[in-house]
Each structure stands twice: as C-alpha cells, then as structure tokens.
Amino acid sequence: MKKIQKKNKNFNKNQKSFYFEDYIETNLKQKNISKSLISEDRVYLLFFLFFCLITIFSIKITAISIKEPRLLLAKKNNFSFLPLRKDIVDRNGELISRNIKIYHAAVKPDLIKDKNKFLLNIKLNFPEISQDKLKIKLLKNKYFYIKKRLTAEQKNKLWSLGEKGIIFESTQSRIYPHAELYSHILGQIDDDNYGISGVERYFDKELKNTQSIKEPLKLTLDTSLQFLIKNELENSLKDFKAKGAGGLLMDVQTGEVLSLVSLPDYNINMRNKITHLDYTNKITKGIFELGSIFKTFTIALALEKKLYTPETVIENIPNNIKCSKYTISEHDELPKNLSIEEILIRSSNIGSAMIAQNIGEENFKEFIKKLKLLDTLEFELDEVGRPIKFNWDKCKLETVSFGHGITTTPLQAATAYAAMSNGGYLVKPTLRLNKDIEVKRNRVISSKTSKEINSILRKVVTHEHGTASLANIFGFDVGGKTGTAKKNNYGEYSKKKLNTFISVFPIHEPKYVLLVLLDEPQPAPKLVYNYRGQKIYSNRDEAGWNSVYVAGKIIKKIGPILAINNHQVYNNHVVKKLN
C-alpha cells in the first residue's frame with residue numbers, strides 16, 4: 001500500500017509540469033476565444049449602425065425625390081440634357097436663329113405662407129393667368145409651373161414678389177431676331193430644343209452636333225432682299241384684297257434661293273400651334289394649277305423639236321375648239337393668224353393646244369418628266385408638296401399645254417423657268433450656302449432654244465400686245481410670263497383666281513428668276529397704274545394687272561442691291577456645265 005502511494009506521489013510529481021503546461025495552453029485558447037467573440041460583437045454592432053444610417057439616408061433621398069422634383073430638374077440643367085444648337089445665319093452672316101438662356105417659373109405651394117396674398121399678386125402682375133386654375137393647383141400642394149419661357153421683365157416681376165415658393169429654372173430657348181420674316185423657312189423647335197418643322201427640323205442633327213457647335217449653318221437667303229420682297233407682298237394684300245401671297249427669288253445658275261416669302265406668316269418666337277391652311281407654305285407645299293405659265297414649256301418643246309421657228313405663223317386659229325365634251329376658248333378675242341412667239345406673247349390657249357397636238361402626247365409627257373414638274377421636289381424643307389397625278393386621257397394634252405388640269409408647286413415652276421433661261425440646264429434649288437460644292441445641272445433644252453425663249457419672254461413684257469407690260473422696269477431688262485388660273489376645289493372650278501407672274505432678269509444674261517403669286521386677288525379700280533407711260537385705272541383682275549404690277553415694284557427695289565452684290569457675292573461659285 002505504501003508502495004502504491006509512493007508510486008502515485010511520484011506520478012503526481014512527474015505529471016506536475018505537464019499539467020501546468022496544459023493548463024496554460026487551455027487558458028490561452030479560452031482567452032483567444034473570448035477576444036474573438038468580442039471582436040465579432042463589435043463588427044455586428046458597426047454593421048448594424050451602418051445599415052441604420054444607409055436606411056435613413058435612403059428614406060430621406062426617396063422623400064426628397066418625390067416631394068421636390070426640382071432637384072431632378074436642376075440636375076437636368078446642370079448636365080445639359082437639353083441639346084445645344086448651332087446659330088443659323090444668312091448668306092451675309094446676319095444672325096437669324098440662336099439659342100439663349102431663359103427661365104421657367106415654378107411654384108412649391110408648401111413654401112407659400114399666405115396663399116391669398118400670392119393669388120392677388122399674380123392677378124395684379126399676370127392677369128392672363130387663370131385664378132381658378134391657380135387655386136386648384138395650390139390646393140393640390142404639388143410642384144407646378146406657373147409660367148414658362150419668361151422674358152427678363154416677367155422674371156423680374158415674379159422675383160420682386162419675394163415669395164420663397166417661386167423657383168426659377170434655367171433652360172435653353174431658340175430665338176429668332178426677325179420674328180415673322182423667316183417663319184415659313186426656319187420653322188420651329190419644341191420645348192426640348194428639337195426641330196419640329198422647317199430648316200430647324202431638316203438640319204436638326206447637324207444643328208445639334210457639339211463637335212462643330214461654333215460653326216453656324218449658313219443659308220443662301222439674303223435678309224435685306226427678304227424684307228423688301230415681303231414688304232411689297234404685304235402691300236399687295238392691301239391693294240388687291242388678296243387672301244394670300246407668295247414670292248420666290250432664285251439664282252438661275254446655282255439654284256440658290258435668295259428669298260422665299262409666303263403670306264400670311266406668323267411670329268415663330270411665340271411658339272403657337274399653326275393649323276389653318278392659310279398658313280401653308282405656298283411656295284414649297286402649295287399645289288396649284290398655275291395656268292398660262294405652262295405655255296412657255298409648250299413653245300420651248302416645239303422649238304427644241306424643230307417643229308417651228310419663233311417666226312412660224314399658224315393660220316386660221318379659231319376662237320374656240322371642241323375637245324372631247326369640253327370647249328376650249330380664248331381669254332380675249334385674238335387674231336386668226338399668230339406666229340409661235342405671238343402665241344406666247346398674247347397668251348393664246350388654242351394656239352398652245354394646236355402646237356401641243358403637233359408635238360404629241362409622248363414627247364410632251366417626256367418633257368414634263370425631264371422638268372420634274374410632277375415629282376416630289378428634293379429641297380431642304382420637309383414642307384414640300386406632291387403634285388397631283390393624273391391620267392393622260394382625252395383632251396389632257398391640249399389642256400396641259402396651257403396649264404389647265406396639271407398641278408405643281410411654285411418652287412418647281414420657278415426651277416423650270418430657270419432652266420428655260422440659263423442656257424437649258426435644270427438646277428436643284430437649295431437653301432444651303434456652300435460655295436465649294438460643284439452645282440450639278442442636267443440639260444433639258446439646248447442653249448439655242450433657251451436664247452429663243454428668253455427673246456420671247458422679253459417681248460411678253462415689251463410688246464404692245466404683251467401681257468406683262470407693268471414689269472417693264474427701266475434698266476433691268478425683265479422678261480417673263482403671266483398665269484391666271486381659276487382655283488380648283490375638289491374637282492370644281494370656281495370664279496376665284498390664283499394669279500402668277502414668273503420673271504427672269506436681266507434677260508440678255510439671265511441671273512435671277514422671280515416668282516410672284518397672289519391668292520384670290522380682287523380688282524383695284526382706285527389704283528393708279530403706269531401703263532406704257534400713261535397713268536390709267538383698271539378694273540381687271542388678271543395676273544397682268546396685279547402679280548405683274550407687284551413684281552415690277554419688287555424688281556425696282558431689289559435690282560440695285562443685286563447689281564451691287566453681283567460681282568462681290570453671287571457669282572463666287574464653281575459651276576460645272578454638263579454639255
């Protein structure tokens with residue numbers, strides 16, 4: 001027993017160090033575990049705190065976003081979400097369109113302490129704003145716009161009210177310094193600065209190109225000429241009590257449009273929605289029967305086909321002829337024997353019909369196609385009309401020969417006249433000024449035929465029996481052709497007229513074609529005409545007594561400007577002639 005105890009004692013003694021070491025190691029492990037648990041608790045606590053903070057901020061941001069949308073709008077302005085647009089200038093560099101900074105006024109109802117006082121102030125300063133609608137919006141207690149596109153004066157009025165609830169938002173807007181002058185050309189933009197009509201729409205992508213934002217879009221237009229032509233057309237509305245008017249001035253060699261006017265027009269700065277048909281662009285979108293101006297094409301084709309010479313006399317021309325179930329008659333009593341050039345000078349319907357019969361339908365159709373009078377014209381506006389298609393049935397050849405039963409746009413008619421006078425080349429009309437691009441031209445008649453036509457057009461103005469004597473302005477060598485047509489409304493011809501005069505000057509070396517159109521002009525018996533050197537009165541309403549008169553006044557005013565600028569600006573173009 002003693003031996004056993006002794007052994008145990010020895011065993012315990014031997015195990016003492018071992019036990020001690022194990023104890024220390026165990027304690028250390030426990031301490032590490034304890035420390036680890038404390039660290040994890042801290043991580044969880046910090047995570048919980050961060051989670052709470054994130055939740056609080058998320059709720060706050062959401063609340064602000066819902067309650068105060070102006071912050072989003074401010075971001076929109078700060079990051080320029082609205083597109084910048086290039087300036088638009090005329091051929092002389094004069095500004096005609098630009099983006100500027102403007103303000104919208106919004107209201108945050110919960111910041112307005114005295115709503116009755118606010119309503120009274122608005123009524124005093126802005127009586128056009130409906131008080132009833134304003135009350136409803138205030139009661140809804142939601143952010144709303146009280147007035148957009150503020151002028152500087154309007155902004156100052158609102159700012160001077162001292163209301164914290166009025167918030168001014170800056171944005172961009174397009175301004176047009178000449179207001180109505182270019183309304184039918186420039187078009188409009190929407191509230192987000194995107195083009196929705198006219199040049200603004202056609203060149204929208206280019207105008208928003210930030211890479212070349214400092215380079216303005218240059219148009220072929222001349223502001224001085226545009227103003228003078230518009231002024232005379234406005235006077236014509238008063239003189240002849242016309243429903244509308246249009247004018248077009250174009251370079252016959254390059255197709256550059258120097259002026260394009262359609263009346264009535266409108267102030268494009270007002271951003272009004274225009275729906276009435278009277279405001280249609282009459283020059284590019286208006287589809288009309290233009291009457292006797294087509295006789296020039298008939299005579300030109302007959303000369304081109306060498307069927308006649310200008311001096312060839314057609315004998316025994318009746319005063320009226322039967323064509324299918326229709327009767328074609330003259331506008332006035334004319335001689336029975338007329339030369340080819342006299343048929344155009346005196347504007348004979350039956351003479352033109354007889355020439356067309358000799359030309360033949362296929363030849364006539366091919367020539368009309370060459371002149372693109374029935375195509376949809378390519379032009380830098382979306383507001384372009386499409387001539388009405390028709391069947392070449394019985395009597396169509398005869399009536400088309402003098403402009404009855406065929407429609408086109410005034411721009412297409414003027415372009416065809418440019419071809420008649422410039423040596424025989426059909427050019428593409430354009431609004432974009434680009435002097436480095438070669439003008440592509442297609443020949444439609446020979447230079448010989450063109451010279452013969454120019455000679456006849458001059459006689460239409462100078463001959464004693466010519467229909468355009470009132471356009472014989474001294475020093476400008478004007479030639480041209482009149483067109484008086486009854487308006488066709490849904491297949492029925494009325495007594496209302498559309499009168500046109502297309503002139504070319506100077507006729508010995510043609511540079512410009514000028515078209516003047518009057519919609520439903522009335523006689524002007526009190527107007528004093530200077531007719532062949534005499535002061536007379538007239539109660540007639542044909543084109544020779546209104547459109548020609550207006551064209552003469554226009555040429556007298558713009559002629560000197562064109563003469564001065566001719567060598568400086570208008571002939572600095574590279575023209576490639578296709579023989």
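The values are calculated or read from the model by the stated rules, or taken from the named source; none is laboratory data. Worth saying up front: this structure is predicted, and the values here are computed from it rather than measured. Neighbour counts are summed over all protein chains in view; Cβ atoms, including those assigned to glycine, are modelled from backbone coordinates with ideal geometry.
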Across segment 126-155, which residue is surrounded by the most Cβ atoms within 10 Å (Cβ to Cβ) among those that are polar (S, T, N, Q) and modelled with pLDDT under 90? GLN154
Residue among LEU263, LEU237, LEU258, LEU290 that alone is in the same structural domain as GLY552 (by TED's automatic domain parsing), out of contact with any Lys or Arg (no Cβ under 7 Å at 6 or more places or on another chain) and either more than 30 Å from GLY405 (Cβ to Cβ) or of a type in the set (Val, Ile, Thr) (or both): LEU258
Please specify each residue of segment 322-346 satisfying the condition of being outside any helix (DSSP H, G or I) and in contact (Cβ under 8 Å) with a residue 60 or more places away in the chain. CYS323, SER324, TYR326, ILE328, HIS331, ARG346
What pairs come out if I take residues in segment 302-320 that are under 15 Å from ILE445 (Cβ atoms) and pair them with residues that are assigned to a loop (DSSP other than H, G, I, E, B) whose C-beta lies under 6 Å away, six or more apart or interchain? ALA302/TYR308; GLU304/ILE445
Given the conditions (1) more than 21 Å from ILE229 (Cβ to Cβ); (2) free of Cβ contacts under 8 Å to residues at least 24 places away in the same chain, and given that PHE474 satisfies all but one, which numbered condition is not satisfied? (1)
How many of the residues making up segment 307-337 are under 20 Å from VAL400 (Cβ atoms) and either modelled with pLDDT under 95 or among the hydrophobic types (A, V, I, L, M, F, W, C) (or both)? 16
Return the pair list, or none, for Cβ contacts closer than 9 Å from residues in segment 372-401 that are without any contact (Cβ under 8 Å) to a residue 24 or more places away in the chain to residues that are among the aliphatic types (A, V, I, L, M) and not in a loop (DSSP other than H, G, I, E, B), at least 6 apart or on different chains. PHE390/VAL400
The one condition in (1) in contact with a helix residue (DSSP H, G or I) (Cβ under 8 Å, 6 or more places away or on another chain); (2) over 18 Å from THR500 (Cβ atoms); (3) modelled with pLDDT of 95 or more that ARG432 fails to fulfil: (1)
Selected residue (criterion: nearest to THR484 (Cα to Cα)) from residues of segment 313-347 that are surrounded by fewer than 20 Cβ atoms within 10 Å (Cβ to Cβ) and of a type in the set (Gly, Ala, Ser): SER329
Could you figure out which of (1) in a strand (DSSP E or B); (2) touching a residue at least 24 places away in the same chain (Cβ under 8 Å) isn't true of SER292? (1)
Give the residues of segment 367-424 that are buried (at least 19 other Cβ atoms within 10 Å of the Cβ), on the phi < 0 side of the Ramachandran plot and of a type in the set (Lys, Arg), sorted by residue number. LYS396
So for segment 354-365 (the condition being buried (at least 19 other Cβ atoms within 10 Å of the Cβ) and either assigned to a loop (DSSP other than H, G, I, E, B) or without any contact (Cβ under 8 Å) to a residue 40 or more places away in the chain (or both)), does at least one residue qualify? no
Those residues of segment 98-118 that are surrounded by 16 or more Cβ atoms within 10 Å (Cβ to Cβ) and either in contact with a helix residue (DSSP H, G or I) (Cβ under 6 Å, 6 or more places away or on another chain) or assigned to a loop (DSSP other than H, G, I, E, B) (or both) come to a total of 5
Within segment 211-241, count every residue that is outside any helix (DSSP H, G or I), hydrophobic (A, V, I, L, M, F, W, C) and surrounded by fewer than 23 Cβ atoms within 10 Å (Cβ to Cβ). 2
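When you check ASN454 against the structure, is it more than 24 Å from LEU518 (Cβ to Cβ), crowded, with 19+ Cβ neighbours inside 10 Å and either within 24 Å of the chain's Cα centre (by Cα) or in the same structural domain as LEU518 (by TED's automatic domain parsing) (or both), yes or no?
So ASN454 passes the test.
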